[in-house]
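The values are calculated or read from the model by the stated rules, or taken from the named source; none is laboratory data. Note that this is a predicted model, so its numbers are computed, not measured. As a convention, Cβ positions derive from the backbone with ideal geometry for all residues, glycine included, and neighbour counts pool all protein chains shown.
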Amino acid sequence: MATKGKPPKPEELSKIDYTPPKRGWMDTPVVFKPGMYCHGTRAKYLEAVGMPNARDWSPAEEDWKLPPEWKEIVLKGIKERLQKYRTFHVFMDICVRCGACADKCHFFLGGGDPKNMPVLRAELLRSVYRKYFTTAGKFFGKAAGARELTEDVLKELWYYYFQCTECRRCSLFCPYGIDQAEITIIGRELLNLLGLNLDWIMGPVANSYRTGNHLGLEPHTIKANIEFMIDDIETITGIRVETTFNRKGAEILFVAPSGDLFGVPGNYVAMGELMLFHEIGLDYTWSTLACEGGNFGFFTSMEMAKKLYYKIYSEAKRLGVKWILGGECGHQWRLMNQYLDTWWGPADFLEEPVSPITGTKFENAKGSKVVHITEFTADLIRHGKLKLDPSRNDHLRVTFHDSCNTSRAMGIFEEPRYIIKNVCNHFYEMPESTIREKTFCCGSGSGLNAGENIELRMRGGFPRANAVKYVKEKFGVNMLANICAIDRAALPTLMDYWNPGVGVCGVHELVGNALVMKGEIERTLDLRGEPLPGKGGTD
Amino acid sequence: MLLKDFLLERKSSLSAKWFERVVETYPSETAKFLKNQKDPFGNPVGSTILQGIDNLFNQIIEDEPDTEKILPLLDSIIRIRAIQDFSASEAVAFIFYIKDIIRQEFERTYTNSNYPAGLREEFSRFEAKVDRLALLSFDIYMRCREKIYELKAQEVKNMTYRLLQQAKLIVESPERSD
Amino acid sequence: MGILFSFSVVVAIILLVIAGVSGAGLNFLFGVIFPYIALLIFIVGVTYRVVQWGSSAVPFRVPTTGGQQTSLPWIKANKIDNPTTSYGVIFRMLFEVLLFRSLFRNTKSELREGPMLVHGSEKLLWLAAIVFHYSFLIILLRHMRFFTVPVPTPIEFLEFIDSFFQVGAPLVYITNFTIVIALLYLLYRRLAMPQIRYISLPSDYFPLFLILAIAITGIIMRYFEKVDIVGVKQITMGLVSFRPVIPDNIGVIFYIHLTLVCTLFAYFPFSKLVHMAGIFLSPTRNLANNNRMVRHVNPWDYPVKVRSYQEYEDEFRDKMKKSGIPVEKE
């Protein structure tokens, strides 16, 4: 791994000083360390969606095969975005470098690279901005914190802007609300002008464009997979639940992250949802095209994000549904809460969402007509519409991980907790400074959940894992619940490394376990097909 | 007994020095933060290392250190360093620092003339103990690295588990490691 | 290097004034021309910056939410940290601007071990920031007495409060000391904390030294090297009434003080100090989290090429039909 040099001599071993020579950060060139970065995107993905400067390239090579006019492209891109985004413009100007954000980033906390302090990550781009766009920077150069845009600077930007998960934790603590996520988003847009994306991001983007989902699965496979889950549900409950695909005239379109359709443990979330919808007799349908709430376009450029979200409202319109229910997913909800309506609204062809079961009007979604599934389920439970047996989750001691996007770009804290407390008897909170709006990232968000950067992810996830460890030791917590598909993909790995024995689940898996269905057989298996331990004894 | 008393007397200062040496293997901007921020949730790396080193020190001054107790302590520190910017040797070298620190403490306390008889032998036995820890550390380091590779493979499988299952590429029940 | 550079610039300014006033007798330049120029630069510069920011679009409504959203009626929403209305936003901004709420969040709530000192260190940043900014504001307002005849009652009241603990003359203002202490702490913090030192630029040290020099010269003038107050008021009133006069016998220390202030004003629009105006325009703080209720329009929205359902169905129609998924075209 890490720093490959010649091995130290034995007598040196106890005396090595790893402290780097005292140099300013501008004079410290970027070193690409294995495990810290991902593969560069292949040309075919960029070509598939018509993005510029497509070519195969590798970040590890000296030559990134940049187009000759790359510098002009970037500078023009910055200029354009200063006009287009007040966030970017203001955030380039008003930082006072007070350092309040410095120790708020999970990558800095877990890895210790000073350039992962949000303020410095932003300065990487700010220094370029000053050089070319401010009077002081033009005249005073380095004394005003300005520097030339060189290939090394570009590489540094790439390296560190793909070491940010756009979690917005820094933004919460910044006295001016400077949001590194915004700066990272713009920085990545600039890099994408030069074809410098990650393979791990661009693959799902190309797939989503064609098939609607990250893996590129075709419609019949989506259907077969969900039916496969229905078989499993029948084995567990004795009930064959019904569902439909692309059905016109359904009341509700359900959009979940596709990770829940094919992967574990996300899969058990979708099973829980299928069971719930069946039990309450919900008139809903899946769309095989809008089968993905996740949107890796958001980690590429705003334009690409908008393109990939066309399917949501257009499928709702085509199928003639009244409103949209969104599944458990983090950045899906960043987008559904803060972007969807702006991109593709107004959703005047839909109706203001009303729960057909309780009659509750979802006033907070009356404009965009998209309701979060935990809002929907919490309302069901509140009105006593579900028969629940929380003792079926008695073998679990649960804690809840707030996902970055649903926390700091939405604020959905109580809904999932209310559900968990109704379907589980053992729920424990992690320390206050690590949950809700102050939650720590899983370390793998914003398209960084690849394999080749796993060291980065294990570092970035350490502050989260450390808090889980605390409740594991204190309360015997063995299950980490969440409402995000990337969490469900990334946290099992994180837990296996830092806290073996702690599982990961979505909230609706717990709902599915506890849900007492009409006519079900006595449950002996949980949704994972594992035997349910004796019930009721531990409370 | 000479050495043990010597170490017990200076326990907090020696283990503090050990901790500082470990933390100084990080960039200086980071090191100060790791040292000073005492909130275990605001500074997970620093506080984990601090606790690990403290308890490790308590263990190695015992005549017969309990390997069962030592392993998780070493693990807590090495697990972090195994995924940070350290080579294998750098990741485990911190074990040896304690020898150096104690040796310096001897030099500060005794001159050649008043060097207590027997202390030298006890110290060489102590050094052997430390060397044994270092060997254990290599095992732990290797396990961490193997775990990383195993996790990479497992994760890819997880993401498409149901697809593979459906395509009859997987038949066994989901394998959860550990 | 940043520290030394910034410090030298401040010293150079002081030497320049001494040379200019005591040596060359350029009292009019330093006492009248510079203040006018500095004020002009300040007003034009800050206006320009704000207009520039304001002319940048706000394509998306992206507040950072710091509390429970408004959703179901029985769930208590945090209407300030996660506002959905303009009132909520106004409150959030007030807390932010007047109390530095986000900075206050910085405090850690629990500790397992370790001295209290460490625990409080992050609160100190908030405290120093609050003390500095309010001291500065009060001092600035107090100075209004030099520009008004008669001195308005609120200003006199402010002076009264500020010198509350003092008996005797001249009155010692509390803020004179608090601002210096706060500035020294902010400077200390930048120098002593390696990660803060690492991120600090010359443009971070310069305003600290500059304002420190302003405060110190002000204190010297008031308590030690007393200047002719009547003369000073003549100058200041002359400036305000656009009938500038330069009385004799005002000590050079006054000109140093004044020129440093002019430097601050002129430097302001080009520096990070514009955060004062910028905070009001920060979209993560001044927008409501109500996108699902009220549509936000992107002013530069443009059509993008998308893949339509028809194209999708055309590609997969046979497979869809075969697996029983409804299609538009048979």
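Observations
- Filtering segment A:453-476 to residues that are within 10 Å of chain B (Cβ to nearest Cβ) and more than 21 Å from A:Phe298 (Cβ to Cβ) leaves A:Ile454, A:Glu455, A:Met458, A:Arg459, A:Phe462, A:Pro463, A:Arg464, A:Ala465, A:Asn466, A:Ala467, A:Lys469, A:Tyr470.
Residue-by-condition table, conditions (1) within 19 Å of the chain's Cα centre (by Cα); (2) hydrophobic (A, V, I, L, M, F, W, C):
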residue: C:Ile130; (1), (2): yes, yes
residue: C:Tyr134; (1), (2): yes, no
residue: C:Pro150; (1), (2): no, no
residue: C:Phe157; (1), (2): no, yes
residue: C:Tyr185; (1), (2): yes, no
residue: C:Leu210; (1), (2): yes, yes
residue: C:Ile214; (1), (2): yes, yes
residue: C:Thr217; (1), (2): no, no
residue: C:Glu225; (1), (2): no, no
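- Listing of helices (runs of 4 or more DSSP H) fully contained in segment C:134-239 that carry 1 or more residues being away from chain A (no Cβ under 14 Å) and farther than 27 Å from A:Ile94 by Cα: C:153-162, C:174-192, C:202-219
- Flag if A:Ala450 is part of a loop (DSSP other than H, G, I, E, B) and touching a strand residue (DSSP E or B) at 6+ places or on another chain (Cβ under 8 Å): yes
- Some residue of segment A:480-501 being in contact with a Cys (Cβ under 6 Å, 6 or more places away or on another chain) and in a strand (DSSP E or B): yes
- Of the residues making up segment A:42-97, those that are among the small types (Gly, Ala, Ser) and within 14 Å of chain C (Cβ to nearest Cβ) are A:Ala48, A:Gly50.
- Segment C:298-330, residues that are surrounded by 12 or more Cβ atoms within 10 Å (Cβ to Cβ), facing another protein chain (nearest Cβ under 7 Å) and not small (Gly, Ala, Ser): C:Asn298, C:Val304, C:Val306, C:Arg307, C:Tyr309, C:Tyr312, C:Phe316, C:Lys319, C:Met320, C:Ile325, C:Pro326
- Among residues of segment C:278-324, those that are within 31 Å of the chain's Cα centre (by Cα) and outside any loop (DSSP other than H, G, I, E, B), counted: 4
- Scanning segment C:188-198 for residues that are modelled with pLDDT of 90 or more and surrounded by 19 or more Cβ atoms within 10 Å (Cβ to Cβ) yields one hit, C:Arg190.
- Test: residue in segment A:410-420 that is away from chain C (no Cβ under 14 Å), in contact (Cβ under 8 Å) with a residue 40 or more places away in the chain, under 20 Å from the mean Cα position of the chain (by Cα) and part of a loop (DSSP other than H, G, I, E, B): no
- Among the residues of segment C:194-207, those identified as in contact with a Ser or Thr (Cβ under 9 Å, 6 or more places away or on another chain), without any contact (Cβ under 8 Å) to a residue 60 or more places away in the chain and not aromatic (Phe, Trp, Tyr) are C:Pro194, C:Gln195.
- Search result, residues across segment A:139-180 that are within 11 Å of chain C (Cβ to nearest Cβ), more than 30 Å from C:Leu98 (Cβ to Cβ) and part of a helix (DSSP H, G or I): A:Phe139, A:Phe140, A:Gly141, A:Lys142, A:Ala143, A:Ala144
- Scope segment C:15-57; condition closer than 30 Å to C:Tyr198 by Cα and surrounded by 18 or more Cβ atoms within 10 Å (Cβ to Cβ); matching residues: C:Gly45, C:Arg49, C:Trp53
- Of the residues making up segment B:44-62, those that are within 14 Å of chain A (Cβ to nearest Cβ), crowded, with 23+ Cβ neighbours inside 10 Å and either closer than 15 Å to B:Ile95 by Cα or more than 13 Å from the chain's Cα centre (by Cα) (or both) number 3.
- Test: residue in segment A:423-438 that is of a type in the set (Phe, Trp, Tyr), assigned to a loop (DSSP other than H, G, I, E, B) and under 29 Å from A:His214 (Cβ atoms): no
- Selection within segment A:281-312 - more than 11 Å from chain C (Cβ to nearest Cβ) and under 17 Å from A:Gly249 (Cα atoms): A:Gly281, A:Leu282, A:Asp283, A:Tyr284, A:Ile312
- For segment A:516-529, the criterion of being touching a Ser or Thr at 6+ places or on another chain (Cβ under 8 Å), of a type in the set (Asp, Glu), part of a loop (DSSP other than H, G, I, E, B) and away from every other protein chain (no Cβ under 11 Å) is met by at least one residue.
- Selection within segment C:80-106 - under 30 Å from C:Asp301 (Cβ atoms) and either touching a residue at least 12 places away in the same chain (Cβ under 8 Å) or buried (at least 19 other Cβ atoms within 10 Å of the Cβ) (or both): C:Asp81, C:Asn82, C:Pro83, C:Thr84, C:Thr85, C:Ser86, C:Gly88, C:Val89, C:Arg92, C:Met93, C:Glu96
- Contact map, segment C:116-138: residues that are over 30 Å from B:Ser47 (Cβ atoms) and crowded, with 17+ Cβ neighbours inside 10 Å paired with residues that are of a type in the set (A, V, I, L, M) and modelled with pLDDT under 90, Cβ distance under 7 Å, separation 6+ or inter-chain. Pairs shown: C:Ile138/C:Leu158.
- Within segment A:259-285, the residues that satisfy the criterion of being at pLDDT 95 or above, of a type in the set (A, V, I, L, M, F, W, C) and buried (at least 24 other Cβ atoms within 10 Å of the Cβ) are A:Val269, A:Ala270, A:Met271, A:Met275.
- C:Leu281 being within 7 Å of chain A (Cβ to nearest Cβ) and either buried (at least 19 other Cβ atoms within 10 Å of the Cβ) or of a type outside the set (D, E, K, R) (or both): yes
- The criterion of at least 1 residues that are of a type outside the set (Asp, Glu) and more than 14 Å from every other protein chain (Cβ to nearest Cβ) is met, among helices (runs of 4 or more DSSP H) falling completely within segment B:63-178, by B:67-81, B:94-109, B:119-159.
- Flag if A:Pro346 is in contact (Cβ under 8 Å) with a residue 60 or more places away in the chain, out of contact with any strand residue (DSSP E or B) (no Cβ under 7 Å at 6 or more places or on another chain) and farther than 26 Å from A:Ser403 by Cβ: no
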